[in-house]
Amino acid sequence: KQAFDNIRVRDVVSWTALIIGYSEYGQGEKALEYFDQMQAEGVSPNAITFMASLKACGGIQTTSKGRDIHAEIERQGLLERNLVLANTLIDMYAKCGCLTIAHQVFEKLYVRDVVSWTSMIAGYYEYGYSGEALSFFEQMHYEGIVPNVVTLVCCLKACGNLGAMNKGEEIYLEILRRGLLEEDQTLGNMVISMYSKCGSLTRAREVFDKLQVRSA
């Protein structure tokens, strides 16, 4: 901020760097203050500015500001040509619990990548809709999108919540097939947790014994 204050002419890059910094370090209110100040001084945000500001909205769960930013993004026609920005918008609404709006934005996308799907799955899981989260996971598979580690972790948690051991077993087999158990300790922990919540302590112990690294 001191360096920023010493700049005589502040362009969109200067403002965006400051907004990103505050957003990334958990000071969403400050990030949004600078977003408003930037526009008040006549500097127009770019796609990266919008993304940082949407992340700030999701972090502090301010739907009203998020809607305002969404409207501006729509007005500029940015969603149609920037999937990363669209994904950030979906993630913001999902984190704020506005799952219907997140779904509406998701449905409008011409192209959906693993981040688009994972944002929906994580949002529905976090707000207690584990069944819906797994439905998105099924549809994602149907459309040929390969889940990443975050997707798999969310779905294992959903399986544990529902006691859906058969689905959890399918996900575990996919993890084994892709060799992910050795690469990511979190996945191993989540598989153990899923089996434990489903009441299969024997299977949980089998997975535990396979782990090369065991955390506390």
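The values are calculated or read from the model by the stated rules, or taken from the named source; none is laboratory data. Not measured: the values here are computed from a predicted model. Counting neighbours? That spans all protein chains shown, and the Cβs are built from the backbone with ideal geometry, glycine included. What goes into the accessible areas is simple: the full protein's heavy atoms, side chains included, and nothing from ligands, DNA or RNA. Shrake-Rupley method; radii C 1.70, N 1.55, O 1.52, S 1.80 Å.
Summarise the accessible area of the stretch 24-100 (1.4 Å probe, protein heavy atoms) by the percent that is carbon and sulfur.
Its accessible area is 47 percent carbon and sulfur atoms.
For ILE101, ILE7, ILE90, what's the largest-to-smallest order of accessible area, 1.4 Å probe?
Largest to smallest exposure gives the sequence ILE7, ILE101, ILE90.
Per residue of the chain, what 222 nm ellipticity follows from adding -39500 (n - 2.57) for every DSSP H run with n ≥ 4, rounded to the nearest 500?
-22500 deg cm²/dmol
In the stretch 32-67, which trypsin sites (Lys or Arg not before Pro) fall in coil by DSSP and have 10 or fewer other Cβ atoms within 10 Å?
Of the trypsin sites (Lys or Arg not before Pro), not one in the loops of the stretch 32-67 has a Cβ with at most 10 other Cβ atoms within 10 Å.
Could you state how much accessible area MET165 has, in square angstrom rounded to the nearest 10, with a 1.4 Å probe and all protein chains kept in place?
MET165 has an accessible surface of roughly 70 Å² with all protein chains in place.
From the protein chains alone at 1.4 Å, what is the descending order of accessible area for CYS57, CYS198, largest first?
Largest accessible area first, the residues go CYS198, CYS57.
Going down the list LYS1/LYS108; LYS108/LYS167; LYS30/LYS157; LYS95/LYS197; LYS108/LYS197; LYS65/LYS197, which pairs span over 31 Å between their C-alpha atoms?
Result: LYS1/LYS108; LYS30/LYS157; LYS108/LYS197; LYS65/LYS197 exceed 31 Å.
Got a sec? Which residues in the stretch 47-65 would a label at VAL111 touch, if it sits 7 Å along Cα→Cβ and we count backbone N under 19 Å?
Once the point is set 7 Å along Cα→Cβ of VAL111, 47-48, 51 turn out to lie under 19 Å by backbone N, inside the stretch 47-65.
Running Debye on the stretch 27-115 with equal point scatterers at the Cα sites and no solvent, what base-10 log of I(q)/I(0) appears at q = 0.16 Å⁻¹?
Scattering profile of the stretch 27-115, log10 relative to I(0): -0.57.
Between GLU126 and GLN39, how high is the FRET efficiency from 1/(1 + (r/R0)^6) when r is the Cβ-Cβ distance and R₀ = 45 Å? Nearest 0.05.
Calculated value: 0.90.
With θ set to phi - 60°, apply the Karplus curve 6.51 cos²θ - 1.76 cosθ + 1.60 along the stretch 175-180 and write out the HN-Hα couplings as whole Hz, x wherever there is a Gly or Pro.
My calculation for the stretch 175-180 gives 4, 5, 4, 8, x, 7 Hz in order.
Per residue, how big is the convex hull of the stretch 110-216 when only Cα atoms are used? Give it in Å³.
98 Å³
Return one whole number: the accessible area per residue of the chain in Å², for a 1.4 Å probe.
Accessible area per residue, the chain: 52 Å².
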